[in-house]
């Protein structure tokens with residue numbers, strides 16, 4: 001797949017992807033700067049209403065605009081990479097299918113093959129997006145948050161935040177792996193349903209000839225009902241996953257705010273420190289809320305890419321001989337002399353002669 005992506009315009013796209021990853025890191029740094037500006041504004045405002053407050057407020061606005069700008073730029077930069085990858089991979093699979101023998105296509109379901117082609121082509125873009133614009137920036141942001149918490153408020157806040165992250169990751173991974181069986185079953189049913197629809201429409205004349213429209217409709221309804229049962233399970237398990245994630249966040253945030261409030265009452269922390277703790281924890285947990293979706297997307301993309309690679313790696317029975325030479329037209333013509341053909345005792349052709357020039 002990597003070789004496919006590097007073909008053509010995608011070679012330039014790789015450089016754009018690297019730039020996009022750098023922009024994602026810049027976005028994370030911008031968010032931390034924005035949060036730090038809020039904390040400084042609170043502390044300065046508590047002491048005096050001098051001109052420094054307005055400078056800090058302006059810094060907050062600038063960093064917020066910067067964070068929004070880099071967020072949108074990463075989408076713009078990655079768009080070309082994603083489009084080139086989809087085009088190259090899709091074309092390679094299409095040519096591979098045309099290179100397969102007739103028996104392969106006769107024994108396969110056309111609808112299922114088209115699903116594999118579409119899913120596999122999009123899987124690479126999904127994995128690249130999740131890696132460059134979610135996993136890497138989130139790890140970078142976690143490092144910044146931990147460093148700021150340790151320097152500004154103390155190690156106990158870092159321990160609370162990281163403990164919540166560990167529990168969150170364990171919970172998300174366990175539940176997502178449990179949900180994977182529902183996703184696999186849904187994909188299988190979706191492929192089967194798609195194949196059923198395409199094959200039924202391709203054989204429209206046969207269905208119409210035997211008057212089996214209602215029979216085909218009942219088959220489709222049964223397949224859709226089975227597929228929808230897995231959709232319900234996926235949605236219900238997603239609700240359970242989201243509730244557990246939010247419960248972990250709320251527990252960690254409550255503990256951190258309690259520690260900060262105690263410090264403010266004791267005089268060891270300022271109001272700005274309390275705001276900083278709340279803002280940094282929110283900044284840390286917001287990208288983590290996508291972890292379940294990212295993990296599921298990467299798992300699904302891996303499965304789709306495996307199906308696609310299995311198709312690409314399947315050998316074709318139509319193999320040229322080692323000494324095969326390309327066809328060269330050197331002239332010629334088709335000649336029939338006194339051709340006679342009978343079918344069912346009736347003569348169709350009787351002593352027909354013709355000459356077909358090239």
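A short reminder: the numbers here are calculations on the coordinates, not readings from a lab. Fair warning: this is a prediction, and the values are worked out from it, not measured in the lab. We place every Cβ from the backbone using ideal geometry, glycine too, and count neighbours over all the protein chains shown.
For region 115-194, the convex hull drawn through the C-alpha positions has a volume of 79 cubic angstrom per residue.
Estimated from the Cβ-Cβ distance and a Förster radius of 25 angstrom, the FRET efficiency linking residue 151 and residue 54 is about 0.45.
Using equal-weight Cα scatterers in the Debye expression, the normalised intensity of region 185-308 in log10 at q = 0.15, 0.19, 0.23 Å⁻¹ is -0.86, -1.06, -1.24. The slack between residue 353 and residue 237, meaning 0.36 nm per residue of separation minus the straight C-alpha distance, is 34.2 nm. Each peptide in 330-343, 124-137, 182-195 was scored by the mean count of other Cβ atoms within 10 Å over its residues; highest first, the order is 124-137, 182-195, 330-343. Label-to-label distance, residue 199 versus residue 225, with points set 7 angstrom from Cα along the beta-carbon direction: 2.1 nm. Between the alpha-carbon centres of region 89-155 and region 169-230 there is a gap of 23 Å. Computed across region 188-247, the Kirkwood hydrodynamic radius from all distinct Cα-Cα pairs reaches 13.5 Å.
Normalised by residue number, the volume inside the convex hull of the Cα atoms of region 247-358 is 336 Å³ per residue. The label-point distance for residue 64 and residue 217, in a model that sets each label 7 Å from Cα toward Cβ, rounds to 5.6 nm. State the extension gain, in nm to one decimal, for the chain segment bounded by residue 162 and residue 286, taking 0.36 nm per residue of separation less the distance between their alpha-carbons. Roughly 43.2 nm would be gained on extension. Take the Cβ atoms of residue 131 and residue 334, set R0 to 51 Å, and the FRET efficiency comes out at 0.30. The residue 320 and residue 185 beta-carbon pair, evaluated with R₀ = 35 Å, returns a calculated FRET efficiency of approximately 0.25.
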